[in-house]
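S.K.: Before we start, here is the structure in question, set down as structure tokens.
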Amino acid sequence: RKEETATCRFILGTSRNLKESVEDGSLIEEFYDQVKLYPIYLPSLAERAEDIAALTYQFLQRFSQRFGKKIEYVEDPLIARLIARPWPGNIRELERTVERMVAVCEGNSLTLDHYREAMGDSLHQQWNGKPPETAEELKELKKQLRQFAVIDIERAFVTSALHRSGGNVTRAADRVGMKRRNFQAMMREYGIQAG
């Protein structure tokens, strides 16, 4: 056996805040000191909404080829819905979502119906199917469903307006008939950046 020497660098990735992990005792401080040499912050997909359409088309091309389909288009309402989604799983979650949509698509374009079919994304998914037992539980469930619907619709509304206006906030606000400051308030509320 011959001994060899090698120089290597390790690149580690995590979605956790390592400093907080040291403070709460779930990470050894010495390890943290070793790995914090050159931290690189990568924004989440939700913070890079302007990349979602391009990534969607890239994944569409890959999975269309893999499944032997000729899907070439993604309808605008679907792009708006994808942009509005928070994507806690980041790019991998978007990739899996596009893969599922391509798997269920029979035509040449992806639509909101394909998204709903692939994701089971509808208001009734927010309800576990168990009927409320009291009037108070019914009231709370109705409130949650309304909030879910409003949030989803408002996010899609803002992202779609921005998408149609090329990322220009003033034009988007004018196009939908809102004051710019009110439109910007909705953008801030949902963490949506102008592209």
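S.K.: So, of the residues in the range 147-195 that are of a type in the set (S, T, N, Q) and at pLDDT below 85, which turns out to be surrounded by the most Cβ atoms within 10 Å (Cβ to Cβ)?
M.R.: Thr159
S.K.: When Pro86 is evaluated against the numbered criteria (1) surrounded by fewer than 20 Cβ atoms within 10 Å (Cβ to Cβ); (2) of a type outside the set (Gly, Ala, Ser); (3) free of Cβ contacts under 8 Å to residues at least 40 places away in the same chain, which criterion, by number, is the only one it fails?
M.R.: (3)
S.K.: Related question: Filter the range 1-21 down to the residues that are assigned to a helix (DSSP H, G or I) and charged (D, E, K, R) and list them by number.
M.R.: Residues satisfying the conditions are Lys19, Glu20.
S.K.: Please count how many residues of the range 22-38 are more than 31 Å from the chain's Cα centre (by Cα), of a type outside the set (Asp, Glu) and not in a loop (DSSP other than H, G, I, E, B).
M.R.: The number of residues fulfilling the criteria is 2.
S.K.: Anything in the range 20-41 that is loosely packed, with under 11 Cβ neighbours inside 10 Å and not hydroxyl-bearing (Ser, Thr, Tyr)? List them, or say none.
M.R.: Matches in the range 20-41: Glu20, Asp24, Gly25, Glu30, Asp33, Leu37, Pro39, Ile40.
S.K.: Turning to a different aspect of this structure: Only one of Ile79, Ile91 is closer than 19 Å to Ile151 by Cβ, of a type in the set (A, V, I, L, M) and surrounded by 15 or more Cβ atoms within 10 Å (Cβ to Cβ). Can you tell me which?
M.R.: Just one listed residue meets the conditions, Ile79.
S.K.: Leu45: over 30 Å from Val102 (Cβ atoms), surrounded by 10 or more Cβ atoms within 10 Å (Cβ to Cβ) and among the hydrophobic types (A, V, I, L, M, F, W, C), yes or no?
M.R.: Criteria not met by Leu45.
The values are calculated or read from the model by the stated rules, or taken from the named source; none is laboratory data. Bear in mind the structure is a predicted one, so any value in this text is a computation, not a measurement. Neighbour counts are summed over all protein chains in view; Cβ atoms, including those assigned to glycine, are modelled from backbone coordinates with ideal geometry.
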